[in-house]
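The structure appears below as structure tokens.
The values are calculated or read from the model by the stated rules, or taken from the named source; none is laboratory data. Predicted, not measured: the structure shown is a model, and the values here were computed from it. Here Cβ is always computed from backbone atoms with ideal geometry, including for glycine, and neighbour counts include all displayed protein chains.
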Amino acid sequence: MFGRKLTRSTLFAAALALGLAAGPAAAADTIKIAVPSPFTGSAAGYGENVKAGVMLKLEEINAAGGINGKKLEAVYLDEQCEPREAATVSSSIVNDPDIVGIVGHLCSSAHLAGLPAYVREGIAAITPTATNITISSKSKDDAGKAWSFRNVYRDDFQGKFLADYTDKVLGLKKVAVFYENNDYGIGLKDAFIKEAKTLGLTIVGEEAYKKGDQDYTPQLTKIKGAAPEAMFIAGYYPEGALIADQSKKIGLNIPKMGADGFDNADYVKLGGAAVENTYLTAPFLVETAGADAKKFIDAFKAKYNRDVDWMSANAYDATGIMAEAIAKAGADRTKIRDYLAGLSSPEKGYKGVTGVNYFDANGDCLKPAYVKVVKDGKFVPAPKQMN
Amino acid sequence: MLEQQLVNGFTLGLIYALIAVGYTMVYGVIELINFAHGEIYMLGAFLTLSFISLGLPLPVAVLLAMLAAAAIGVLLDIVAYRPLREAPRLAALITAIGMSIFLQNLAMIIWGSRPLPFPKQAIPAFFNEPALTFSDVTISWMQVIIYAVAVALMVGLNLIITKTRVGTAMRALAQNQTAAALMGINVNRVITFTFALGSAMGAMAGIMVSMYYNTMYPTMGYLAGVKAFAAAVLGGIGSVPGAMLGGVVLGIAETLGAGYISSPYRDGVAYAVMILVIIFRPSGLLGRAVTDKA
């Protein structure tokens, strides 16, 4: 009995000593950035995409010697895409003096929940994915300085763009709208409908769904009755693939429109033949990407054994922008923010794999949108772009 | 359109019913609401995927997944619920929620958190073809298969409960555990059997759903579990025919609610039906009036 106790406490002490020894040594020569995203829960799949992009960039930076001799380290914080969790995570970020900047959040709702703490305490965040329009007005402190930046375009831009594309390029006039009942889906839907009405399109059905729903047949059966020529699905790819699949099964075989939430190879994998003829906006096209982007696309495929998605690409660039800011301005929260705010024109911008990243006074970016279409089980650039 | 909605709702309802019988049987026998049951449903789908990727044909993979799910259900009882048999009900309920979260995260570690498609090459192509078409109503072969499998499993389950020795023992346990033990019934063995049976049926529901919708993800068990629980309560928790009826009523109510009222309210409609039934018929549609066991 005594012997057993001794062994256990010895082991415990040894573990403790090891832990203590490893701790401070690691902290001294690393610079930390926070990556708050969903890593569990129903949005964990997207969090995995963002993490993949961040990890790839960090590996490159650290393999090339880090930032001024220090390793750049990401602290991954799981907020499950829940505003409540995001608020908790944000206060732990601002209270950790070792964290100098943030790449995140992934979801608009979560980003909006974290934002007040970042603005109040003065730490800059670059979100690679949060597209909701209200972020623009909530990113600034009392002095009018933006603390939240994004290298992704806003929902209203995409929604409007897709309505224009439906009308002017595809020439389809009767459109049904199916949207996810959250900030992202509603933002896209509102912008789409507003532009559609100006253009004189007819909205023949407006149905909502919840993230994680599996059965969409009641809404689709209703939509089918109105005989639309196209369907705009304002949401993400897992639900989008199910909607496409089920609409094909009930005989509603029409072109589908989607925003960047659809731009993931899994959309085709999940939806199969049913997702043919889906037109979607994408921040960049692999086919027209430059040499740097091609290198990134190959490295991504080699490391993760799957095709790159735009979330990973944007997260890769957001990490690159943050690393550049730290390298140029030093590991200081305020100086990092000022550096980011200085990336204010295409000439001063950061040249990443998704194109030139620069921000306006609200921290929003201006990037062109490309259109992809699903043909023969693959994403290909749409024959007609609209820029 | 109404006919098509009814067909859709009926399909969904039978799935709920298959999960709900697992809830209701466990509740009937040991008065435990097994909140981890939804995760067994999810595991059924993922295990089938794994067996198929080992090269096994679909029927073998499905059968093995059902057996494995039954084993996991039994293990769940032995590890998490049996030690708490004499503890207050609340303790077991909390453990059940804990096991649910544990299994969900375990699945994420094993299979990743990205949604996966059901392997298409394993499904005969005609499954997604229409089997019957009347004017504007279409029933696919997959739906026919869901009906056939669900009905066959439920008839089989009823035969087990009413005609076999172990079924008689289950019913005896549901009435009075102490008396049943005094009559020489091996209580733990009967409980084990109940978990195995309910888990296998829940797994089958998960397998058919992932084939029907062609997708599976680690968190899929949560909402399905909650709905099936509602179905069990609706039908009268503890009653097997009640769970079946509750599942079908809930599936149809939800589909009609989404189709005719407003789609964001579909879950609300489902719960409203449940609440109304509980208010006006507290024992559920087919439940017995509750007698005090003490």
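For the stretch A:344-387, give me each residue that is part of a loop (DSSP other than H, G, I, E, B) and free of Cβ contacts under 8 Å to residues at least 60 places away in the same chain. Give the derivation first.
Taking the stretch A:344-387 as the starting set, the residues that turn out to be part of a loop (DSSP other than H, G, I, E, B) are A:344-349, A:353-354, A:358, A:360-364, A:366-369, A:376-377, A:382-387.
Passing the criteria: A:S344, A:S345, A:P346, A:E347, A:K348, A:G349, A:Y358, A:D360, A:P368, A:P383, A:Q385, A:N387.
Among the residues of the stretch A:309-332, is there at least one that is within 14 Å of chain B (Cβ to nearest Cβ) and in contact with a Leu (Cβ under 9 Å, 6 or more places away or on another chain)? Show your work before the answer.
Keep residues of the stretch A:309-332 that are within 14 Å of chain B (Cβ to nearest Cβ), which gives A:309, A:311-312.
Next, from what is left, pick out any that are in contact with a Leu (Cβ under 9 Å, 6 or more places away or on another chain): A:311-312.
Looking through the stretch A:309-332, at least one residue is within 14 Å of chain B (Cβ to nearest Cβ) and in contact with a Leu (Cβ under 9 Å, 6 or more places away or on another chain).
In the stretch B:83-130, how many are of a type in the set (A, V, I, L, M) and within 12 Å of chain A (Cβ to nearest Cβ)?
Within the stretch B:83-130, the subset of a type in the set (A, V, I, L, M) is B:84, B:87, B:90-94, B:96-97, B:99, B:101, B:103, B:106-110, B:116, B:122-123, B:125.
Next, only the ones that are within 12 Å of chain A (Cβ to nearest Cβ) stay: B:101, B:106-109, B:116, B:123, B:125.
Here the count works out to 8.
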Check: Given (1) buried (at least 24 other Cβ atoms within 10 Å of the Cβ); (2) within 14 Å of chain A (Cβ to nearest Cβ); (3) touching an Asp or Glu at 6+ places or on another chain (Cβ under 7 Å), where does B:F195 come up short, assuming only one miss?
Finding: (2)
Next item on the list: Output the number of the condition that B:A181 fails; it satisfies all remaining conditions of (1) touching a residue at least 24 places away in the same chain (Cβ under 8 Å); (2) part of a helix (DSSP H, G or I).
Entry: (1)
Next item on the list: Identify, by number, the condition in (1) touching a strand residue (DSSP E or B) at 6+ places or on another chain (Cβ under 6 Å); (2) exposed (fewer than 14 other Cβ atoms within 10 Å of the Cβ) that A:C365 doesn't meet.
Entry: (2)
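Can you tell which of B:G251, B:G242, B:G221 is at pLDDT 90 or above, within 14 Å of another protein chain (Cβ to nearest Cβ) and within 23 Å of B:G73 (Cα to Cα)? Working first, answer last.
Working: B:G251 fails: within 23 Å of B:G73 (Cα to Cα); B:G242 fails: within 14 Å of another protein chain (Cβ to nearest Cβ).
On inspection, the qualifying residue turns out to be B:G221.
Confirm whether A:K295 is at negative phi, touching a helix residue (DSSP H, G or I) at 6+ places or on another chain (Cβ under 7 Å) and surrounded by fewer than 16 Cβ atoms within 10 Å (Cβ to Cβ).
Numbers: at negative phi: yes; touching a helix residue (DSSP H, G or I) at 6+ places or on another chain (Cβ under 7 Å): no; surrounded by fewer than 16 Cβ atoms within 10 Å (Cβ to Cβ): yes.
Here the answer is no, as A:K295 does not meet what is asked.
Could you say which residue among A:F232, A:F157, A:F192 is assigned to a strand (DSSP E or B) and away from chain B (no Cβ under 11 Å)?
Details: A:F157 fails: assigned to a strand (DSSP E or B); A:F192 fails: assigned to a strand (DSSP E or B).
When all the criteria are applied, what remains is A:F232.
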Note to self: Restricting to the stretch A:200-223, name every residue that is farther than 23 Å from A:V268 by Cβ and assigned to a helix (DSSP H, G or I).
What the structure shows: A:P218, A:T221, A:K222
Notebook entry, point to check: Across the stretch A:240-273, what is the number of residues that are more than 9 Å from chain B (Cβ to nearest Cβ), crowded, with 23+ Cβ neighbours inside 10 Å and under 30 Å from B:E3 (Cβ atoms)?
Noted result: 6
Checklist line | Conditions (1) crowded, with 21+ Cβ neighbours inside 10 Å; (2) under 14 Å from the mean Cα position of the chain (by Cα); (3) among the aromatic types (F, W, Y): number failed by B:Y212 | finding: (2)
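Determine whether A:E59 is modelled with pLDDT of 60 or more, within 14 Å of chain B (Cβ to nearest Cβ) and surrounded by fewer than 22 Cβ atoms within 10 Å (Cβ to Cβ). Step through it out loud before you land on a result.
Values: modelled with pLDDT of 60 or more: yes; within 14 Å of chain B (Cβ to nearest Cβ): no; surrounded by fewer than 22 Cβ atoms within 10 Å (Cβ to Cβ): yes.
Taking the combined requirement at face value, the residue does not satisfy it.
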Next item on the list: Identify all residues within the stretch B:132-175 that are surrounded by 15 or more Cβ atoms within 10 Å (Cβ to Cβ), more than 17 Å from B:G13 (Cβ to Cβ) and within 14 Å of another protein chain (Cβ to nearest Cβ); write none if there are none.
Entry: B:T138, B:W141
Note to self: Give all pairs with beta carbons closer than 7 Å in which a residue from the stretch A:78-92 that is more than 20 Å from B:S113 (Cα to Cα) meets a residue that is among the acidic types (D, E) and crowded, with 17+ Cβ neighbours inside 10 Å; count only pairs at least 6 apart in sequence or on separate chains.
What the structure shows: A:V89/A:E79
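For B:L58, state whether it is within 14 Å of chain A (Cβ to nearest Cβ) and farther than 23 Å from B:R189 by Cα. First the steps, then the outcome.
Values: within 14 Å of chain A (Cβ to nearest Cβ): no; farther than 23 Å from B:R189 by Cα: yes.
So B:L58 fails the test.
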